[in-house]
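The values are calculated or read from the model by the stated rules, or taken from the named source; none is laboratory data. In this text the structure is predicted, and so the values were computed from the model without any measurement. So basically every Cβ, Gly included, is an ideal-geometry build from the backbone, and we count neighbours across all protein chains shown. SASA here: full protein model, heavy atoms, side chains in, ligands and nucleic acids out. Shrake-Rupley method; radii C 1.70, N 1.55, O 1.52, S 1.80 Å.
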Amino acid sequence: MKISELLKSNKLMLSFEVFPPKTETAFESVKNATEEIAKLLPSFMSVTYGAGGGTSRYTLDIAKNIKERYGVPSIAHLTCVSSTRETVREKICEIKAAGIQNIMALRGDIPTGLENADRSGWDYKHAIDLIRELKETDPDFCIGGACYPEIHPESLNQKEDILYLKEKVDAGCEFLTTQMFFDNNLLYNFLYKIREAGITVPIIPGIMPITNANQVERAVKLSGSFVPQRFKSLVDKFGSDPYAMKQAGIAYATDQIIDLYANGITNVHVYSMNKPDVAMKIQSNLSDILGK
Ligand code: FAD
């Protein structure tokens, strides 16, 4: 099932993100965790892709398993910046052969040490290059892209970031999933600006339930997200008690989702980080709203 079709619903729908194992030894445990999440029957599940391509085989294995065994639509992430055209074409063929219709087309992070390299000879410079290639290969792929309510860290300003985002959508992105954010007002401001810029595709807010104090630092370093005082107080109070911190982090994420739905957002993507208990708790907190 195409994600673009699912996004037409007016009811609140949750989707979950999982990541593949880095090694073969970890495969079974990660597969089991993703299956526990699939049993919750989310609207869809996304499976990330290692920027260097190291976990690419597992991305597809996990996405295929979720779809075939549990009937949950899946979306395989694919990055391009550190790959050759030949490798990316191979991956696209594998995705197609696996019967996956949905692809999250991403640039990926620039490999460490190459941030200032001359990129003129690279096969892919931006996600838009991959989106165009996917559309040429098979116009029937349903393509998603990434967007950044607090702007991408490499962008000079939001205006420029939104201009490039519009180009990505015009090239064939049918929906956009956001980077995590901890203050919904940032999302509402972003929505206002992108709609004004003529971007009309569905936006799926990405919510990261923070369940331990160390995760805050890692997540913020990776995403550059703003951490509101309300969230900081919660980490100050509960950070040293793992159980209390987990409960508080899940409550905060639940609260963000309720506020999003109350303000007209019907699809929310939860960065569930291969944690079935967290996915389960969020879903049960919202059971009456979700009708599950
Ligand atoms: P782009 O859309 O190419 O944008 C990157 C930067 O280039 C931005 O500053 C943008 O404004 C600018 N830009 C875009 N187009 C142009 C252009 N034509 N000319 C000049 N500048 C341009 N990483 C992984 O490795 N694996 C994953 O599975 C993964 N999943 C993700 C899922 C989501 C929802 C999000 C938000 C991010 C994910 N990432 C993943 C991280 C992502 O790869 C990085 O954030 C990366 O730095 C940018 O990827 P992008 O696709 O947004 O790039």
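Before moving on, here are some points about what is shown:
- Long-range amide H partners of ASN267 with built H, under 5 Å: MET13
- Excluding ligands, DNA and RNA, the accessible surface per residue across the chain is 48 Å² with a 1.4 Å probe.
- Of all accessible heavy-atom area on the chain, the percent that carbon and sulfur account for (1.4 Å): 52 percent
- Dividing the summed -39500 (n - 2.57) terms of all DSSP H runs of n ≥ 4 by the residue count of the chain sets its mean residue ellipticity at 222 nm at -14500 deg cm²/dmol.
- The residue list THR200, GLY50, SER284 was ranked by how far each Cα lies along the charge dipole of the chain toward its positive end, using unit charges on Cβ atoms, and SER284 comes out on top.
- Beta bridge orientation in region 3-290: antiparallel %, DSSP, nearest 5: 0 percent
- GNM result for the chain, Cα springs below 10 Å: residue of LEU41, LEU186, LEU14 fluctuating most strongly: LEU186
- The chain, relative contact order in percent, only Cα pairs under 8 angstrom and at least six apart counted: 20 percent
- Build a GNM of the chain with springs between Cα atoms under 10 Å apart, and of SER82, SER272, SER120 the one that fluctuates most is SER120.
- Measuring r between the beta carbons of ALA197 and GLU90 and using R0 = 45 Å, the FRET efficiency lands at 0.80.
- Contact order, relative form, for region 1-115: 25 percent (alpha carbon pairs under 8 Å, 6 or more residues apart, mean separation divided by residue count).
- Taken one residue at a time, the phi angles of region 142-156 give Karplus couplings (6.51, -1.76, 1.60, θ = phi - 60°) of 9, 10, x, x, 9, 9, 9, x, 9, 6, 5, x, 8, 7, 6 Hz. Gly and Pro are set to x.
- For region 10-85, the list of trypsin sites (Lys or Arg not before Pro) that fall in a loop by DSSP and count at most 16 other C-beta atoms within 10 angstrom reads LYS11, LYS22, LYS39.
- Range in the chain, longest, excluding exposed GluC sites (Glu not before Pro) [loop by DSSP; at most 11 other beta-carbon atoms within 10 Å]: 155-292
- Comparing ASN65, ASN267, ASN32 in a Gaussian network model of the chain (Cα springs below 10 Å), the most mobile by mean-square fluctuation is ASN32.
- Using the Karplus relation 6.51 cos²θ - 1.76 cosθ + 1.60 with θ = phi - 60°, the per-residue 3J(HN,Hα) values for region 283-292 come to 5, 6, 4, 10, 4, 6, 5, 7, x, 10 Hz, with x marking Gly and Pro.
- Check: region 3-290 dipole with +1 on Lys, Arg Cβ and -1 on Asp, Glu Cβ, in debye: 320 debye
- Summing charges over neighbours of LYS237, with a neighbour being any other residue whose Cβ is under 15 Å away from its Cβ, gives +1 when K and R count +1 and D and E count -1.
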